[in-house]
Amino acid sequence: LMRSLPADAPGPERERTRIAADRALAWTRTFVTAVHDPYSNAIRLQIAVLRKQPAEQEQLTAELISTVRHDRTGAFWQVQDALPFYTWGNAGPIETSALVAYALLATNLTASQLTVVDSVLQHLVESEDASGIWYSGHTTVRVLKTLVPLAEEQLKSAQSNGPLAVRINGVPLSQIDE
């Protein structure tokens with residue numbers, strides 16, 4: 001809601017949006033299942049980043065880091081029920097973990113918190129299914145929104161030993177010579 005508001009929106013419209021967002025956030029702070037839900041807390045963290053609320057960011061980051069789980073493929077967040085887009089089963093924890101990692105990467109993480117996020121990213125990479133996606137279209141989008149900016153950052157800082165060609169079904173998408 002806050003991101004979709006045009007930059008040139010009139011003052012009263014901005015104020016109504018701010019009030020609606022404040023009410024929604026106040027409700028999530030008191031709703032029992034939302035208080036410790038990683039999916040909800042990741043969304044709240046994204047809002048705290050947009051609103052430049054460091055205390056809220058710190059509290060939500062600590063909550064999220066404290067509820068992470070680990071297995072042989074890395075770290076992840078577990079969910080209890082279907083997610084807002086009816087994601088469940090294997091896709092639920094993957095989608096939640098991607099959303100949480102994306103939110104955490106927008107904050108100022110300590111070295112130990114960054115280690116946890118690195119483990120989550122490893123888990124996301126390891127969780128790709130046999131079809132080359134992450135169980136559902138929505139989950140795949142969440143994972144790619146988290147991984148692609150990191151890959152772009154690495155490509156920009158890496159030494160190039162030749163051209164990089166991107167192909168989809170054998171058709172060149174683009175070619176970068178550096």
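The values are calculated or read from the model by the stated rules, or taken from the named source; none is laboratory data. Only a predicted model underlies this, so the values are computations on that prediction, with no experimental measurement involved. As a convention, Cβ positions derive from the backbone with ideal geometry for all residues, glycine included, and neighbour counts pool all protein chains shown. With ligands, DNA and RNA removed, areas are computed over all heavy atoms of the protein, side chains included. Shrake-Rupley method; radii C 1.70, N 1.55, O 1.52, S 1.80 Å.
Odds and ends about this structure:
- Complete set of residues in region 6-19 that are under 17 Å from Ile47 (Cα atoms), at pLDDT below 80 and open to solvent by less than 70 Å² (accessible area, probe 1.4 Å): Pro6, Thr17
- Given (1) open to solvent by less than 70 Å² (accessible area, probe 1.4 Å); (2) in a loop (DSSP other than H, G, I, E, B); (3) hydrophobic (A, V, I, L, M, F, W, C), number of the condition Ile94 does not satisfy: (2)
- Filter result for Leu155 (open to solvent by less than 30 Å² (accessible area, probe 1.4 Å) and in a helix (DSSP H, G or I)): no
- With respect to being under 12 Å from Arg142 (Cβ atoms), β-branched (Val, Ile, Thr), within 13 Å of the chain's Cα centre (by Cα) and at pLDDT 95 or above, Val100 fits the description.
- Count of region 105-122 residues which are open to solvent by 30 Å² or more (accessible area, probe 1.4 Å) and among the hydrophobic types (A, V, I, L, M, F, W, C): 5
- Region 123-152, subset farther than 15 Å from Tyr102 by Cβ and part of a helix (DSSP H, G or I), residue most open to solvent (accessible area, probe 1.4 Å): Glu126
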